[in-house]
Amino acid sequence: MGTNDFIKTRGIVLSEEKYKESSKIISLFTEKNGRINLFASGVLRPKSGLMLVSEKFVESDFLLTRNKNNFYIKSAEVINSNMEIANNLKKYFIADMICELLLKTMPENLVDEKIYNLTSQVFNYLKSDKLNPQILKIGYMIKLISFLGFRPQLQQCTECSSKDYSNMYFSHRDGGIICGNCLDISGEYVKLSKVEIEIILKILYSKFSDYEQLDLPEKFVNRIDNLIYDYMLYSIDLKELDSQNKYKKLMEI
Ligand SMILES: [Zn+2]
């Protein structure tokens, strides 16, 4: 493809790095081209009109040019500045986690419109104040890993198909719930109540817009957040996320 071919796509900035006086190298998650690295030449010059489009979390419509594997901005128009996210510490670190996840799980140029739409939607709800940010975080994590092929089996025991929810455990290794009769002494399990399993199922299978109807006690939310976070890391084979470590440290101060 030559430099004269234009690529039109919507995209969200996942990371930005200043380059020399007035340029940036940004990682962009796009709807039509997957994750790409962009050389944003001169965007820090006020006259460029592109300062905002190159900032983290901002979603814009781009007209790009491409030379081999390098992308450049021809023009861009902001769709969602998502500035409200950066003004709230809790929301900021959830959005930061989402960016880190996409940087670490999405190979360059792999197009996935479902994951793009999920990300665009979660940013819109995060900034809106309509929904509990922590439930959105759980929803994003469990839906993302489902799209990546790790949807947890929560309807029945992964071993014997039992549906006795009074006697269930969650197992990373088995990718879902396992009943008390099928436990293996070498395995690691987290006991789950019937209510907790039902909450996770609702979060997994409801649209973000239906989360408004979810009325969840705080103690369940924290427990499920930890459970899904750990399962997600296990599934995508990561030990930890820098964004979450930073957030935890900040909360200790
Ligand atoms: Zn079983």
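The values are calculated or read from the model by the stated rules, or taken from the named source; none is laboratory data. Being a predicted model, the structure only gives us computed values, none of them experimental. Cβ: placed from backbone, ideal geometry, glycine included. Neighbour counts: every protein chain shown. The protein model used for the area step is the full one, side chains on, heavy atoms only, and it has no ligands, DNA or RNA in it. Shrake-Rupley method; radii C 1.70, N 1.55, O 1.52, S 1.80 Å.
What do you reckon, how do LYS8, LYS248, LYS47 stack up by accessible area (1.4 Å probe), largest on top?
If we order LYS8, LYS248, LYS47 from most to least accessible, we get LYS47, LYS8, LYS248.
Using the crude model of +1 on Lys and Arg Cβ and -1 on Asp and Glu Cβ, and no other charge, please compute the dipole size for the stretch 6-81 relative to its Cα centre, in debye to 20.
300 debye
Cα to Cα, under 23 Å, and not fewer than 8 places away if on the same chain: which lysines meet these conditions relative to LYS239?
Qualifying lysines at Cα under 23 Å: LYS90, LYS91, LYS104, LYS137, LYS143, LYS191, LYS248, LYS249.
Could you run the Karplus curve 6.51 cos²θ - 1.76 cosθ + 1.60 with θ = phi - 60° over the stretch 174-179 and give me ³J(HN,Hα) per residue in whole Hz, x for Gly and Pro?
The phi angles translate into 8, x, x, 8, 9, 7 Hz.
Roughly what angle does helix 194-205 make with the longest principal axis of the chain, taking Cα atoms, 0 to 90 degrees, to the nearest 10?
With rounding to tens, the tilt is 30 degrees.
Please work out how much accessible surface VAL221 shows to a 1.4 Å probe, ignoring ligands, DNA and RNA, in Å² rounded to 10.
Only protein atoms counted, so the area is about 0 Å².
Determine how large the accessible area of PHE208 is when every protein chain is in place; take a 1.4 Å probe and give Å² rounded to the nearest 10.
10 Å²
So, counting K/R as plus one and D/E as minus one, what does the shell of residues with Cβ under 11 Å around LYS74 add up to?
That works out to +1.
Nearest-5 percent of antiparallel DSSP beta bridges in the stretch 1-140?
Approximately 90 percent, going by the DSSP bridge assignments.
As a test of reading the structure, rank TYR169, TYR231 by solvent-accessible area (1.4 Å probe, protein chains only), most first. Before the final figure, lay out each step's value.
Values: TYR169 55, TYR231 10 Å².
The ordering from most to least exposed comes out as TYR169, TYR231.
Against the longest principal axis of the chain, how steep is helix 218-236, in degrees 0 to 90 to the nearest 10, with axes from Cα atoms?
70 degrees
In a Gaussian network model over the chain where Cα atoms closer than 10 Å are linked, find which of ASP215, ASP164, ASP61 has the largest mean-square fluctuation.
Per the Cα network of the chain with a 10 Å cutoff, ASP215 tops the list.
Can you put MET251, MET51, MET168 in order of accessible area, largest first, using a 1.4 Å probe? List each step's numbers first, then the result.
Working: MET251 105, MET51 85, MET168 0 Å².
Heavy-atom accessible area, descending, gives MET251, MET51, MET168.
Rounded to the nearest 500, what is the chain's calculated 222 nm mean residue ellipticity when only DSSP H runs of at least 4 contribute -39500 (n - 2.57) each, over all residues?
Mean residue ellipticity, 222 nm, calculated: -11500 deg cm²/dmol.
Over the chain, what is the mean sequence separation of C-alpha contacts under 8 Å (at least six apart), divided by residue count, expressed as relative contact order in percent? Please list the in-between numbers first.
Numbers: 413 pairs, mean separation 37.4, N = 253.
15 percent.
Using a 1.4 Å probe and ignoring any ligands, DNA or RNA, find the accessible area of ARG45 and quote it in Å² to the nearest 10.
140 Å²
Just to confirm my understanding: which cysteines in the chain have no other cysteine beta carbon less than 4.7 Å from their beta carbon?
Within the chain, the cysteines lacking a partner Cβ under 4.7 Å are CYS99, CYS160, CYS182.
Excluding the sites themselves, what is the longest stretch of the chain that contains no GluC sites (Glu not before Pro) in a DSSP loop with at most 12 other C-beta atoms within 10 Å?
That gives 22-187 as the longest site-free run.
Apply the Karplus curve 6.51 cos²θ - 1.76 cosθ + 1.60, θ = phi - 60°, to the phi angles in the stretch 20-29 and return the couplings in whole Hz, x for Gly and Pro.
6, 5, 9, 10, 9, 10, 10, 9, 10, 9
Can you give the charge dipole size of the stretch 84-252 about its Cα centre, rounded to the nearest 20 debye, using +1 on the beta carbon of Lys and Arg and -1 on the beta carbon of Asp and Glu?
With Lys and Arg at +1 and Asp and Glu at -1, about 240 debye.
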